[in-house]
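The values are calculated or read from the model by the stated rules, or taken from the named source; none is laboratory data. Since this is a predicted model, take the numbers as computed values, not measurements. When we count neighbours, we look across all protein chains shown, and the Cβ atoms used for this are built from the backbone with ideal geometry, even at glycine.
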Amino acid sequence: MGMQFLNADKKSRLFIRVLVFLLLAILCESFGIYQFRISRFGVKSTVIDGFSSFFLMSLLVAAVIFISVYYALLRPLKSFRLYLPILFFILLTISGIIDIWLKNSNFISYGDAGELRDSVGPIEQIANPRWVFGVYILSLFRWLIESFIVSVDPQIFIETIGTLLILGTSVFVLIKSKARAAYVFPLFVPMWITFGTGYDEYQPFIAPIAILVLLRIFDEHSERPALPEVFIVGLLPAIYVGFLPLSILYFAISLWSMDIKSNIKNLFFSIAIYLLAIEISWPLGNRNYFASVIPSLQLGVDTHGGVSGQPSGSRSIFFGLTSVLSSSHLEGLGYMLLIGGGVFGSILVLFGLARLTKFALPKSNVFSVDLKKIAVIRGVCLVWFSIYIFFLMAKLGPTGDIDAFCVTYIVFAISLGIWIDSLSDQLQWTSKSKAIVSGIICSLNAPMFVGLGLLGISRTCDVYTAYRSFC
């Protein structure tokens, strides 16, 4: 009896310590984000009128996130336990759609100066070559709605469809998660949650595809690729030219998981699908498209003035080494990783350092030194997207292009989730322990989401004539 009382007493003290840690951590995060934005930019919000309301909103969101993650990871997995995390995304979507249609302005409105809105028009018009097939599908879908149902404003159409796409993907991933942190963590990246509030850009249409493909790439139980998958992989670079590395990684996995002859057949099939998609969606044909897509990548010296430093080459989209190591770049990089990606990247770095220094952490599959096929692919994927955010020139500066690196944030979240899953198995955590640890980690992202979705990003310069760290 005394032993049971002692155990209960220890649990109570542990609970109090964890609760105090969470309160202090969220308080510090809230203070930093609020001060950074309000005092530095003079941002005004229709919902948040002071630090106390910002902090209370962060606590409320943290509690909801904790409960959602806890029940998503609790075993034995029962369908009714997924209702709470699914309800979180349903309520987020409803709030976003109400905000879009009634123009309440509860959520901060982001946009790309109407570029996507103006592109989603007649299906025969020329769109941004980086998005060509995705914009074609959106234009076709809007044409079908207006032809058979009702006329719809292009701005409302884009924001509504993007919000519904985030909801559908979130629900699908939760159903497929099977209590795995690697599936749940990316759904609580601050940038991902913000996409679900009504986002007037192309990223809400990119991020769901990225999550599904990355989860497939990182899945150590990947089966032989089916023809529909090969078809979709062929479409990826046509939907968004930045998806080309994902297609390459996919075929790298296929090369190891099946015979070379079959893989080459699939590769040529995907290339044919890609060329066909371009031919359909680009009115001037493949040859003109490839001549147009290169300039659209804005290679070489920056034309917006939103970045500092020089590219590594005249035809490069990456910074040179000197510019990468500058204090302004490192400051902006930290800003994007923390505000856009949440705490996942920071914790992943700490785990990685602990692993490298042989600290008392069990070996995890993400950083396995043995040449297991899937471990190599995970490592290559993680390294590539780390290099991507570290070296790529954000043309509009860290705040203007914080959403451009959403795929990197997702990769970090999945990688940390794999590590937590591995630690849980090797340390023989109970399902409840894993759910609590994961809930704590994800709830620490609440102030970042409140900052992105409700407080908003503001830039101090309207025209990027000179670099300022957070333009």
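Among the numbered conditions (1) assigned to a helix (DSSP H, G or I); (2) within 16 Å of Tyr199 (Cα to Cα); (3) at pLDDT below 85, tell me where Asn104 comes up short. Tallying (1) assigned to a helix (DSSP H, G or I); (2) within 16 Å of Tyr199 (Cα to Cα); (3) at pLDDT below 85, Asn104 fails exactly one: (1). Got at least one residue in region 155-174 being in a loop (DSSP other than H, G, I, E, B) and closer than 24 Å to Ser95 by Cβ? No; the residues of region 155-174 include none that is in a loop (DSSP other than H, G, I, E, B) and closer than 24 Å to Ser95 by Cβ.
Can you tell me which residues in region 135-176 are aromatic (Phe, Trp, Tyr) and crowded, with 16+ Cβ neighbours inside 10 Å? Tyr136, Phe157, listed by residue number. Within region 236-248, restricting attention to residues that are crowded, with 20+ Cβ neighbours inside 10 Å and not hydroxyl-bearing (Ser, Thr, Tyr), the residue that is modelled with the lowest pLDDT is Leu246. Of the helices (runs of 4 or more DSSP H) lying entirely inside region 268-377, those containing at least 2 residues that are modelled with pLDDT of 75 or more and surrounded by 14 or more Cβ atoms within 10 Å (Cβ to Cβ) are 285-296, 327-335, 344-356. For region 156-205, name all the residues that are touching a Pro at 6+ places or on another chain (Cβ under 6 Å) and not aliphatic (A, V, I, L, M). Matches in region 156-205: Gly162, Thr169, Phe195.
Any residue that is modelled with pLDDT of 85 or more, of a type in the set (A, V, I, L, M) and either within 21 Å of Trp192 (Cβ to Cβ) or buried (at least 16 other Cβ atoms within 10 Å of the Cβ) (or both) - is there at least one of those in region 110-131? No, region 110-131 has no match at all. Sort out which residues of region 175-184 are within 17 Å of Leu84 (Cα to Cα) and in a helix (DSSP H, G or I), and write them in order of number. If the condition is that a residue be within 17 Å of Leu84 (Cα to Cα) and in a helix (DSSP H, G or I), then Ile175, Lys176, Ala181, Tyr183, Val184 are the ones that fit.
Restricting attention to region 60-101, the residues that are modelled with pLDDT of 85 or more and not in a helix (DSSP H, G or I) add up to 1.
Yes/no per residue for (1) in contact with a Phe, Trp or Tyr (Cβ under 6 Å, 6 or more places away or on another chain); (2) at pLDDT 75 or above; (3) within 13 Å of Val407 (Cα to Cα):
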position	(1), (2), (3)
Val189	yes, yes, yes
Leu214	no, yes, yes
Ile232	no, yes, no
Ile253	no, no, no
